[in-house]
Amino acid sequence: PFTSESKRMGIIVQDVLSGEITFYLKGADVVMTSIVQYNDWLNEGSGNMAREGLRTLVVAKKTLTYEQYHDFESKYNAARLSITDRLQRVQTVIESLEREMELLCLTGVEDRLQVSNFYHPYTFVN
């Protein structure tokens with residue numbers, strides 16, 4: 001799940017036809033830069049988008065073997081049931097997947113949720 005601390009979220013999916021298991025992760029460029037495999041354009045691309053006022057989002061993936069997935073699943077379930085340090089243990093298990101991921105794309109969107117400059121009938125201006 002997304003948290004303001006992690007600035008990222010992921011999902012594991014299995015293709016019904018091929019059986020391939022893939023972990024997809026999306027997150028803020030500042031966090032994802034250290035998670036994805038080295039590339040020579042991510043920092044420049046996200047910097048260019050930020051200068052244009054866009055909010056950037058990085059998407060990456062990692063293909064998992066059946067064994068890797070089941071190892072993750074058992075460790076994740078054990079961490080979730082832990083009596084002590086549950087949140088930290090869960091985060092550690094999740095982070096074990098978040099290494100050397102393949103960069104898929106960088107997106108930039110205009111943030112329309114920010115305060116705009118339009119007049120509101122209940123706005124008071126001095």
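The values are calculated or read from the model by the stated rules, or taken from the named source; none is laboratory data. All values derive from a computational prediction rather than experimental measurement. Positions of Cβ are generated from backbone atoms using ideal geometry, with glycine treated the same way; all protein chains shown enter the neighbour counts. The area values use the complete protein model at the heavy-atom level, side chains included, leaving out ligands, DNA and RNA. Shrake-Rupley method; radii C 1.70, N 1.55, O 1.52, S 1.80 Å.
A few points about this structure:
- Check on ARG55, closer than 23 Å to THR3 by Cβ, of a type in the set (D, E, K, R), open to solvent by 80 Å² or more (accessible area, probe 1.4 Å) and out of contact with any His (no Cβ under 7 Å at 6 or more places or on another chain): yes
- Residue check, GLY47 among the small types (Gly, Ala, Ser), open to solvent by less than 80 Å² (accessible area, probe 1.4 Å), under 22 Å from CYS105 (Cα atoms) and without any contact (Cβ under 8 Å) to a residue 40 or more places away in the chain: yes
- Breaking point among (1) open to solvent by 30 Å² or more (accessible area, probe 1.4 Å); (2) closer than 26 Å to GLN14 by Cβ; (3) out of contact with any helix residue (DSSP H, G or I) (no Cβ under 8 Å at 6 or more places or on another chain), for SER34: (2)
- Failed criterion for GLU67 (all others in (1) within 24 Å of ASP15 (Cα to Cα); (2) without any contact (Cβ under 8 Å) to a residue 40 or more places away in the chain; (3) surrounded by 12 or more Cβ atoms within 10 Å (Cβ to Cβ) hold): (3)
- Residue count for region 14-42, restricted to those that are within 10 Å of LEU106 (Cα to Cα) and part of a helix (DSSP H, G or I): 2
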